[in-house]
Structure formats: structure tokens, C-alpha cells
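Here it is, the structure, as C-alpha cells.
Derivation of every value follows stated rules applied to the coordinates shown; laboratory data play no part. Worth saying up front: this structure is predicted, and the values here are computed from it rather than measured. So basically every Cβ, Gly included, is an ideal-geometry build from the backbone, and we count neighbours across all protein chains shown.
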Amino acid sequence: MNILLIGEYSRFHNSLKEGLIALGHEVTLVGTGDDFKKFPVDVDISPRYTMGNWFVTKIRRGIFKITGTDITAIEIGNRFAKALPELKNYDVVQLINSWSIRTTPSREQKFIKKLALQNKKMFLSACGTDVYWVEDLLTSTLPYHMLTPYVNDKNLAPKYQGAMRYLKSEYKALYETVMSHAEAIIPTDMDYYLSLRKNIKATKLIPTPINLSKLDYTTTREDQKIVIFHGINRQSYLKKGNDIFEKALEIIKKSYSDKIEIITVESLPYSEYIKAYDRAHILLDQVYSHDQGYNALEAMAKGKVVFTGAGPHFMKHYNLTEPVAIDATPDPNEIAFNLEKLILNPSAIPTIGKSAKAFVQKYHDHIEVAREYVTIWQKN
């Protein structure tokens, strides 16, 4: 098959591409590289002139404040428009989410229609923030989710502009356009699957692909301080629960400062981030989720104990009886308690780490996941 992947989110499409190529398919990846993470793409549509230094960023924000126009989105659209004539005759086009190109929604609708016209099939991945997900979470009965801080405190609205934009009419119209052309929408983890259970176009959950050959299993000494790694992305600080992790770490430091070392990094490119936690025994990933994202899964594959989404929905779906990660709830005291248990019982760390690696190998191998995608694409 000849496959076109559009957009990137935490290396998802790169790993899927590598799995598809291993199965003998031809794949082209178009995107911006997921902004500062700088993932590789085949057709680069990232902005060159409207981002990059403080002066240009200041002008961009000023224009947006006055006119409501994002000149970076326009530049991305211009670059995609130049590439569009060559993006044809693919057997499958998969979009990372409904706003995969990242230009203005009205212009993106036109691009989607053109892509659908000049290619055979289109599919939508349920990966990252999207219209259906935001709408569902705002009325969700789950005990917590990614929008819980906003639901509990509307004063946080400025921090959630990225998610709330999907409630605007132009993004809803774009989503409807995508769904009208998509053969199916494919959930990539439990968080998206739970929101899509009533969607007639939703398929089964296909786990996130991880290329294990790019990850080294890292062993850590048990006779040294326990190293806890906390990676912060300021753009999603509240959404990921980094504030709660910081509170939990403050609690732990009061009693165990002589037994632990804490590494905190912020907004690193992917290649630097994945090396930064090699010395860590424990990685703090995210709080409000019900499954693991890319950072968590890659750390689990490297044998780390990860605090992330690993609660009842996840355990039941995979029929797990022993932990492969530590379920991180939005309670700093509970997180601190679970950290304390590991600090006082360090022999549990390699045990959980080995289970974590085995889980990722079993369910997230990029070649086997790619095989599942091919089956879905062929059936629909």
C-alpha cells in the first residue's frame, strides 16, 4: 500500500511509519514535526518566517490580538498548498486529528476536500485534543480527566484556550468535514476510546506504536539514591498535572531528601528529552489520564517505573492483575504515598520496570500495531 500520514503528535506517526515500512508499505509523512519536539517529516510544512525569535513572536501575537489572524497558521497553509498537488494517488490518507495540517480551519476544510478527492481512502486518528473529545469531557462522569482543572475552576480558561478552541464553530465545521470524508476514526488509547464509545465510525482501540529498537533498556543501580524524573511542558502544565506532581515532590523531599535525587527539565526537544531521564528510576508523566501517552510508554520500554494513567479502565481492558505502571490520580498526597512506598522498598522498582517493558513489547510493538492499522484500512 501507498500511505500518506498527515500531522505528528509525540512521535505517533513516525513510529507507525517505521512499522509500515517494515511490512513493505510505502509511506510519506507530512507535518511540522510537532513544533519544538522537532520530529522528522518527509514533507516539511513547518513555519520558517513567522516563528523562531522573540521579536517575530511578539509581532505575531500583536497581529493575532488585533485581527484574530494567526500568521503562522497562514504560512503553514501556504507551504501545504505548494505540496498538495503532489499528495495524490495514495491508497490511504490518515490524519493525526481533525486539525492535522494546522492552518486556518476554513482553509484546512478545502485542503481536506482536495485530499479526499485525489486519494482513495481517508481515516482519522483519535490522537490529541479534538472536537468530540472536548465536548465529551465537559459532560463526562469520569472521576477526573484532562479538563478537570478547568471544569472545577473556570478562571483557568486562559490556560485552556488550546482545548477550548475546538468548541468554536470553525473547528466544529472542520471536524464535520473530516468525519464526512473519513471511513473510520481510530482511538489510540483508553482516554479517546472512552469518549468515542457511541460514535458509529469508531473502531476498536489500537494501541500506540512504539519502535522498541530505538530504545535501550536502561538498568539503574539499587544502592544509590532513587532518581525521580519530572519533565514539564509549560504549554500543558495544568492539563498534564505537573502542578500536582510538584506538590507531591515537595511532600517527599521533606522526609526523604537524603534518599532521592529529583531531575526536572522543561520543554526539551524529543531527542534531548529521551536521554535526560536515562539515569532515572521513576518518571512522573501525567495525572489526569486513564492510559499512557508516548513519553510514558517509551519510559516503560526502558524499564522505568512511570506515574501515569493506569487505573481500572486500563487494567480491565488489558486484563492486567499486576501493575505495569503506577496510577497517578490528581491527589498529591496519594502520589507522595506511592513514591514513599517505592523509596522504602526499592526492590519493587526493577520488578515493576520489567513488567512495564514486557507490557510495551506485547501490546505496543510498532510492527504489530502497523499490521492492525493495515487490517482496519483494508476492511473499511
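Using all alpha carbons of segment 256-318, what is the percent of pairwise distances in each 10 Å bin, ordered from the shortest bin to the longest?
Spelled out bin by bin, segment 256-318 gives 19, 49, 25, 6 percent.
Let me ask something else about it. Could you list, bin by bin from short to long, the percent of Cα-Cα pairs of segment 212-363 in 10 Å steps?
11, 45, 37, 6
What's the FRET efficiency of Ser169 with Asn2 using the Cβ-Cβ distance as r and R₀ = 45 Å, to the nearest 0.05?
Numbers: r = 35 Å, r/R0 = 0.78.
So, using R0 = 45 Å, E works out to roughly 0.80.
Same structure, new question: Under the 0.36 nm per residue contour assumption, what length would be gained going from the current alpha-carbon distance of Asn345 and Ser257 to full extension?
30.1 nm
Could you calculate the contour length gain from Glu368 to Asn319, that is, 0.36 nm times the residue separation minus the distance between their Cα atoms, to one decimal place in nm?
15.7 nm
Residue separation times 0.36 nm, minus the C-alpha to C-alpha distance between Asp331 and Leu268: what's the value?
20.1 nm
By average Cβ neighbour count within 10 Å, what is the ranking of 286-294, 208-216 from highest down?
Numbers: 286-294: 25.1, 208-216: 19.3.
Most protected by this proxy first, the peptides run 286-294, 208-216.
With helices defined as uninterrupted DSSP H runs, which ones in the chain have an alpha carbon span along their own long axis of at least 15 Å and mean Kyte-Doolittle hydropathy of at least -1.0?
12-22, 54-67, 71-83, 105-118, 169-181, 242-256, 332-344, 348-363, 366-379
Please compute P(r) over all alpha-carbon pairs of segment 126-280, binned at 10 Å starting from zero, and give each bin as a whole-number percent.
9, 27, 31, 23, 8, 2
For the chain, what is one quarter of the convex hull surface built on the Cα atoms, given in nm²?
Mean projected area of the Cα convex hull: 18.6 nm².
Related question: For the cross-link pairs Lys201/Lys316; Lys88/Lys168; Lys254/Lys304; Lys159/Lys259; Lys198/Lys239, which exceed 28 Å when the distance is taken from alpha carbon to alpha carbon?
Over 28 Å apart, Cα to Cα: Lys88/Lys168; Lys159/Lys259.
Of the listed pairs Lys214/Lys341; Lys65/Lys110; Lys240/Lys302; Lys82/Lys120, which have alpha-carbon separations greater than 27 Å here?
Lys214/Lys341
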